[in-house]
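Below is one structure, written out as structure tokens, with a few remarks after it.
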Amino acid sequence: MAVRVDKWLWAVRVYKSRSGANDACASGRVRVNGDVAKPATKLKVGDRVEIRRRDRTLILDVEQLLEKRVSAALAADAYGDQSPPPPVRPGKAGPEDVLIEQARRERGAGRPTKRDRRQMEKMKRDIRGG
């Protein structure tokens, strides 16, 4: 048995929609066993699927063939994740390293003024480093 790669990527919840998976395949961001995959490329158990997404590459080993979308728990059993950890951006610490204090307003203080909003946005930018 074989399944289309776009259908499988949608079924295991890599993409939110089947058309999103189809577009990724058509634009060359998906590879199956090292070869660029078209949406109709057939997958078999044991194939390796590489997906380029923004600043990260996902590497998935096909362990189960799915044609229909399943729950996240069942989807996780359908592949083995061989992806490298996400890259750490320079000057940024991971979420576990930094505890971000959120700006809190007193209950009943009403809507923030324009000045308050600008100060909150500036604080967010400073925390993010941008």
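I'd like the orientation of helix 114-128 relative to the chain: the angle between its Cα long axis and the longest Cα principal axis, in ° from 0 to 90, rounded to 10. For helix 114-128, the angle is close to 50 degrees. Only helical runs count toward this figure. For the chain, summing -39,500 (n - 2.57) over DSSP H runs of n ≥ 4 and dividing by all residues gives -8000 deg cm²/dmol at 222 nm. Candidates ALA73, GLY34, TYR15 compared by Cα position along the dipole of region 3-81: farthest toward the positive end lies TYR15, with charges placed on Cβ.
Using the alpha-carbon positions of region 3-81, Rg (one decimal) and Dmax (whole number) come out as 10.9, 29 Å.
Between PRO112, PRO85, PRO39, the Gaussian network model of the chain with springs among Cα atoms under 10 angstrom shows the greatest mean-square fluctuation at PRO112.
Here, each number is a calculation from the coordinates, and none is a lab measurement. Predicted model only: the values in this text are computed from it and were never measured. Here Cβ is always computed from backbone atoms with ideal geometry, including for glycine, and neighbour counts include all displayed protein chains.
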